[in-house]
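Student: Can you read through this structure? Questions will come right after.
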Amino acid sequence: MIAIDNVLVSEELLEEKFVCNLNACKGACCVEGDGGAPLSAEEAKVLEEIRENLRPHLTPEGNIEIDTQGSSIEERWIGETYWSTPLMHKRGACVYAVVEEGIVLCGIENAWKAGAVNFQKPISCHLYPIRVQHLEGGITALNYHRWQVCAPACENGEKLKVPVYQFLKAPLIRAFGPKFFKTLSQVAKDYLNYKNG
C-alpha cells in the first residue's frame, strides 16, 4: 500500500488496467451480486430527498420497490449501521437500474445528466472497481476489486493501456479532491518508473 496523507492506495490501482466496456458487459454490475450499492448516511438521506425527482427516470417496477422498501436499506451489524440501495424483490437488480438498448444503466445518473437532480450516483458505484474501506484512526484504504463480470473492462483496459486510477480520475477527484489525484498521479509515475527500472 502507498500512503497519501490519510489514504492508503493499493499498488494494483496503479498497475492493473481497466476501462468499462458496456457493450460487452451490458451493465452487469447493476444486476449481479448479493447486495445493493453501499451508501454513506449522507447519500441515504440525499436519495430520500430527491426521491420524487428520480421517479420519472426509473422503471415502474423500480418505483414500486422504492415505495415498498424505501429509497435505501438500513442494516445493523455488530453495532454499526450500514446503508445500501434496495434490490428488486430484495434480490437481483438494483431498484435504480434502467435498461436502454439492451444495456443496464443507472437511473440516478440519467436524472443527473438530465438536470433533474444534483446527485450523480452513489460514490461506491462511481469508484468501482475501487472498494473503499474505512479503518481506525481516520485512515481510508483504496483496494482493487476483481469481479468476473468486469472481465471485458480488464481486457479493454489492457488494450487501451489505461490504469485503474486514470480511468477513475473523475470519481477519485469527486471523492478525495484534485490535490489528492495530482499527488496520486505523480506517485504512480514514480512507482512505475522504479518498478520497471
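The values are calculated or read from the model by the stated rules, or taken from the named source; none is laboratory data. If you're wondering where the values come from, they're calculated on a predicted model, not measured in any experiment. Heads up, the Cβs are rebuilt from the backbone with ideal geometry, glycines too, and the neighbour counts pull from every protein chain shown.
Student: So Ala141 clears everything in (1) surrounded by 14 or more Cβ atoms within 10 Å (Cβ to Cβ); (2) out of contact with any Pro (no Cβ under 7 Å at 6 or more places or on another chain); (3) not assigned by TED's automatic domain parsing to the domain that holds Pro171 except one condition, right? Which one?
Tutor: With respect to (1) surrounded by 14 or more Cβ atoms within 10 Å (Cβ to Cβ); (2) out of contact with any Pro (no Cβ under 7 Å at 6 or more places or on another chain); (3) not assigned by TED's automatic domain parsing to the domain that holds Pro171, Ala141 is out only on (3).
Student: Moving on to the next point. Could you tell me whether region 91-109 includes any residue that is surrounded by fewer than 21 Cβ atoms within 10 Å (Cβ to Cβ), among the hydroxyl-bearing types (Ser, Thr, Tyr) and either on the phi < 0 side of the Ramachandran plot or at pLDDT 95 or above (or both)?
Tutor: Looking through region 91-109, none of the residues is surrounded by fewer than 21 Cβ atoms within 10 Å (Cβ to Cβ), among the hydroxyl-bearing types (Ser, Thr, Tyr) and either on the phi < 0 side of the Ramachandran plot or at pLDDT 95 or above (or both).
Student: How about region 159-197: which of its residues are loosely packed, with under 13 Cβ neighbours inside 10 Å and either basic (Lys, Arg) or in the same structural domain as Ala93 (by TED's automatic domain parsing) (or both)?
Tutor: Lys159, Lys161, Lys179, Lys182, Lys189, Lys195 - these are the residues of region 159-197 that are loosely packed, with under 13 Cβ neighbours inside 10 Å and either basic (Lys, Arg) or in the same structural domain as Ala93 (by TED's automatic domain parsing) (or both).
Student: Residues being closer than 28 Å to His134 by Cβ and either in a helix (DSSP H, G or I) or over 19 Å from the mean Cα position of the chain (by Cα) (or both): count how many of those fall in region 66-90.
Tutor: Step one: filter region 66-90 for residues closer than 28 Å to His134 by Cβ, giving 66, 69-87, 90.
If we keep only those that are either in a helix (DSSP H, G or I) or over 19 Å from the mean Cα position of the chain (by Cα) (or both) too, we end up with 66, 69-70, 75-81, 90.
Qualifying residue count, region 66-90: 11.
Student: May I pose another question? When Asn156 is evaluated against the numbered criteria (1) in the same structural domain as Ser72 (by TED's automatic domain parsing); (2) more than 29 Å from Asn53 (Cα to Cα), which criterion, by number, is the only one it fails?
Tutor: Evaluating Asn156 over (1) in the same structural domain as Ser72 (by TED's automatic domain parsing); (2) more than 29 Å from Asn53 (Cα to Cα) leaves (1) as the failure.
Student: While we're on this one: Which one of these is within 30 Å of Pro56 (Cα to Cα) and in a helix (DSSP H, G or I): Ala175, Ala116, Ala151, Ala188? Break it down into steps so the answer makes sense when it comes.
Tutor: Working: Ala116 fails: in a helix (DSSP H, G or I); Ala151 fails: within 30 Å of Pro56 (Cα to Cα); Ala188 fails: within 30 Å of Pro56 (Cα to Cα).
So the residue among Ala175, Ala116, Ala151, Ala188 that is within 30 Å of Pro56 (Cα to Cα) and in a helix (DSSP H, G or I) is Ala175.
Student: Taking only region 22-65 into account, find how many residues are assigned to a helix (DSSP H, G or I), of a type in the set (Asp, Glu) and touching a residue at least 40 places away in the same chain (Cβ under 8 Å). Outline the logic, then answer.
Tutor: Start the filter on region 22-65 by keeping residues that are assigned to a helix (DSSP H, G or I), which leaves 22-25, 28-30, 41-49, 51-57, 60-65.
From what's left, of a type in the set (Asp, Glu): 42-43, 48-49, 52, 61, 65.
Now restrict to residues that are touching a residue at least 40 places away in the same chain (Cβ under 8 Å): 43.
Result for region 22-65: 1.
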